[in-house]
Amino acid sequence: AQSVTQLGSHVSVSEGALVLLRCNYSSSVPPYLFWYVQYPNQGLQLLLKYTSAATLVKGINGFEAEFKKSETSFHLTKPSAHMSDAAEYFCAVSDANQGGKLIFGQGTELSVKP
Amino acid sequence: DAGVTQSPTHLIKTRGQQVTLRCSPKSGHDTVSWYQQALGQGPQFIFQYYEEEERQRGNFPDRFSGHQFPNYSSELNVNALLLGDSALYLCASSPRDSPTEAFFGQGTRLTVV
């Protein structure tokens, strides 16, 4: 069975500081990995995804994530936080045999201080 | 392209009632998945429809049922509502040959009182 663990339900950074949101996964088959962002009272927007190509994945809004098989991790980073980055972030895992079924982590709320 | 559209956006129901939520997929998408997101939690997979049939199902009781129409739109039905069914219900659509290309709608906020 697949699962996702997001370390830290809440992360607070200052504007301009590095953003690091942690995600570890468990999967018995090569995974597909995703990061989604959710703004209040809205649906999910895809930030980036890993589907077995390059291990360093670049996404929208300056975010990127690195797939590390040895650490079963897929941490999300952004060099410089902006106030507009404040939102809930979800890591998710799927595999090619699941037809797109996504297993989500519990989410990490990112706060950005001025 | 309107993307994935869900209706209604908000809904209040009484315990024991039945509810129907609707989803229109993104143009070119033929697969629809439904997720339940309780407050403060990550979304949980309910089921997926393709070719008007339920293809996969998560760990949800039979009170949760669905339907897909020939135009690929979908409905989620929940019978005998419980207070615990209060949540944001998200619909995601994707092309059958690219299941990782999922797009989510804005969701329907269901409150059961």
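The values are calculated or read from the model by the stated rules, or taken from the named source; none is laboratory data. The model shown is predicted, which means the values in this text are computed figures rather than measured ones. Every residue, glycine among them, receives a Cβ derived from its backbone with ideal geometry; neighbour counts consider all protein chains shown.
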* **Answer from B:94, B:24 - the residue that is among the hydroxyl-bearing types (Ser, Thr, Tyr), crowded, with 18+ Cβ neighbours inside 10 Å, over 19 Å from residue A:36 (Cα atoms) and in contact with a strand residue (DSSP E or B) (Cβ under 8 Å, 6 or more places away or on another chain)** => B:24
* Among residues of region B:52-88, those that are of a type in the set (S, T, N, Q) and over 19 Å from residue B:14 (Cα atoms), counted -> 6
* Quick one: residue B:24 ticks every box in (1) more than 11 Å from every other protein chain (Cβ to nearest Cβ); (2) touching a Gly at 6+ places or on another chain (Cβ under 9 Å); (3) of a type outside the set (D, E, K, R); (4) at positive phi except a single one, so which number is it? => (4)
* Asked: How many residues are at the interface with chain A (Cβ under 8 Å from one of its Cβ atoms), at pLDDT 95 or above and not in a strand (DSSP E or B) when one looks only at region B:74-105?
  -> 1
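Taking the residues in region B:76-85 that are surrounded by fewer than 17 Cβ atoms within 10 Å (Cβ to Cβ) and of a type outside the set (A, V, I, L, M) as candidates, determine which candidate is nearest to residue B:34 (Cα to Cα).
Filtering region B:76-85 for residues that are surrounded by fewer than 17 Cβ atoms within 10 Å (Cβ to Cβ) and of a type outside the set (A, V, I, L, M), the one nearest to residue B:34 (Cα to Cα) comes out as B:77.
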* **Answer residue from region A:78-114, given it is surrounded by fewer than 19 Cβ atoms within 10 Å (Cβ to Cβ) and in a helix (DSSP H, G or I) and is farthest from the other protein chains (Cβ to nearest Cβ) among those** => A:83
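Show me the strands (runs of 3 or more DSSP E) found entirely inside region B:18-66 where at least 1 residues are more than 30 Å from residue A:7 (Cα to Cα), over 12 Å from the mean Cα position of the chain (by Cα) and free of Cβ contacts under 8 Å to residues at least 60 places away in the same chain.
Values: elements: B:19-24, B:31-37, B:44-50, B:53-57.
The strands (runs of 3 or more DSSP E) meeting that bar are B:44-50, B:53-57.
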* Structure fact -> Scanning region A:1-50 residue by residue, those part of a loop (DSSP other than H, G, I, E, B) and farther than 17 Å from residue A:77 by Cα turn out to be A:1, A:2, A:27, A:28, A:29, A:30, A:31, A:39, A:40, A:41, A:42, A:43
